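Down below is the structure, laid out as structure tokens.
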Amino acid sequence: MSETTELGVEDRAPELVPLNAIFSTDFVAILVPVTTANTMDEVAAAVAHHSEGRRVRALPHPKVVIHNGRKLSGSMTVAEAGIKPLDHVAVEYEIPGGAS
């Protein structure tokens, strides 16, 4: 009798996770392919790439990913955040002393 142990998502090879995303004040929602190993900083950059400097003015502030109403740490991975394929994320500027 063989016993199999399933690996946790953080222990498996990176898997594709397409996300529905919107950047800051952009009016266009986009589908962004990321992987379970991408960090929130990488996700923010991937989402911003399609809007920042095109439809949204680029600002000199860090970006933060918001998923289900919570701001996620930039070093957290997609797997650690529990983000699933086709989940919605928003990317906002983290403006010091202001609302993001």
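Which one of these is assigned to a strand (DSSP E or B) and in contact with a strand residue (DSSP E or B) (Cβ under 9 Å, 6 or more places away or on another chain): Val43, Val47, Val28, Val32? Checking each option against the conditions leaves just Val32. Here Gly53 meets each of (1) of a type outside the set (Asp, Glu); (2) modelled with pLDDT under 95; (3) open to solvent by less than 30 Å² (accessible area, probe 1.4 Å) with one exception, condition (3).
Among the residues of region 20-42, those that are in contact with a Leu (Cβ under 7 Å, 6 or more places away or on another chain) and in contact (Cβ under 8 Å) with a residue 24 or more places away in the chain comprise Asn20, Val34, Thr35, Met40. Among what's in region 57-100 and is touching a residue at least 24 places away in the same chain (Cβ under 8 Å) and out of contact with any strand residue (DSSP E or B) (no Cβ under 8 Å at 6 or more places or on another chain), pick the residue that is surrounded by the fewest Cβ atoms within 10 Å (Cβ to Cβ). Within region 57-100, the match that is surrounded by the fewest Cβ atoms within 10 Å (Cβ to Cβ) is Pro96.
The values are calculated or read from the model by the stated rules, or taken from the named source; none is laboratory data. Note that the structure is a prediction, hence the values are computed from the model and not measured. Glycine gets a Cβ as well: all are built from the backbone with ideal geometry, and neighbour counts include every protein chain shown. The protein model used for the area step is the full one, side chains on, heavy atoms only, and it has no ligands, DNA or RNA in it. Shrake-Rupley method; radii C 1.70, N 1.55, O 1.52, S 1.80 Å.
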